[in-house]
Amino acid sequence: MRSGFAAILKTLNLNLDMEKNALRIYREFAEKVMDKGLKDFFVKLAKAESGHINALANVIRMINEKTFDVSFFCPVCGWRINFGKDPKTGDVTRCRMCGVSFELTEENGDFGFKRI
């Protein structure tokens with residue numbers, strides 16, 4: 001598991017499992033139901049779940065491959081504070097809007113930041 005994303009990856013993986021289970025259930029319903037309207041409905045739901053699965057898997061992959069930006073919202077002005085794709089604890093960056101400096105922190109496997 002990638003350092004700095006412990007809680008996020010746990011949540012994403014739980015959601016991925018839920019989406020896969022929903023996909024399985026909707027496919028089973030679509031196979032067993034006799035009413036064409038309901039069958040079409042469950043097929044559409046299964047297609048939507050497939051999209052959710054692909055999106056979640058893509059974010060998980062990007063995090064693990066270090067191609068996902070580590071960023072937060074500035075507590076001063078609300079602008080995005082970006083530490084990049086592969087930052088290290090202790091890295092410092094400035095908010096591009098208000099100029100306040102922040103340091104990347106990590107606690108219990110999750111990234112955080114503090115004003116310096």
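One residue is enough: does the stretch 67-76 have a residue meeting the conditions closer than 15 Å to GLU106 by Cα, among the polar types (S, T, N, Q) and over 14 Å from the mean Cα position of the chain (by Cα)?
So far as the stretch 67-76 goes, no, none of its residues is closer than 15 Å to GLU106 by Cα, among the polar types (S, T, N, Q) and over 14 Å from the mean Cα position of the chain (by Cα).
Which residues, counting only those in the stretch 1-52, are among the charged types (D, E, K, R), open to solvent by 50 Å² or more (accessible area, probe 1.4 Å) and assigned to a loop (DSSP other than H, G, I, E, B)?
If the condition is that a residue be among the charged types (D, E, K, R), open to solvent by 50 Å² or more (accessible area, probe 1.4 Å) and assigned to a loop (DSSP other than H, G, I, E, B), then ASP35 is the only one that fits.
Out of the residues in the stretch 70-111 that are acidic (Asp, Glu) and free of Cβ contacts under 8 Å to residues at least 24 places away in the same chain, which is farthest from SER3 (Cα to Cα)?
GLU103
Does any residue of the stretch 52-68 turn out to be in contact with a strand residue (DSSP E or B) (Cβ under 7 Å, 6 or more places away or on another chain) and on the phi < 0 side of the Ramachandran plot?
Within the stretch 52-68, the first condition is being in contact with a strand residue (DSSP E or B) (Cβ under 7 Å, 6 or more places away or on another chain), and the residues that meet it are 63.
Next, only the ones that are on the phi < 0 side of the Ramachandran plot stay: 63.
Yes, because at least one residue in the stretch 52-68 is in contact with a strand residue (DSSP E or B) (Cβ under 7 Å, 6 or more places away or on another chain) and on the phi < 0 side of the Ramachandran plot.
May I ask you to list pairs of residues, at least six apart or on different chains, whose Cβ atoms are under 7 Å apart, with the first in the stretch 10-22 being among the acidic types (Asp, Glu) and the second being modelled with pLDDT of 95 or more and exposed (fewer than 12 other Cβ atoms within 10 Å of the Cβ)?
none
Please list, ordered by first then second residue, the pairs with beta carbon atoms under 9 Å, 6 or more apart or interchain, first in the stretch 56-69 and without any contact (Cβ under 8 Å) to a residue 40 or more places away in the chain and under 13 Å from LYS85 (Cβ atoms), second among the polar types (S, T, N, Q) and surrounded by 13 or more Cβ atoms within 10 Å (Cβ to Cβ).
From the stretch 56-69, the pairs are ASP69/ASN82.
The values are calculated or read from the model by the stated rules, or taken from the named source; none is laboratory data. On a predicted model such as this, the values are computed, not experimentally measured, just so you know. Neighbour counts are summed over all protein chains in view; Cβ atoms, including those assigned to glycine, are modelled from backbone coordinates with ideal geometry. Surface accessibility is based on the protein's heavy atoms, side chains included, excluding ligands, DNA and RNA. Shrake-Rupley method; radii C 1.70, N 1.55, O 1.52, S 1.80 Å.
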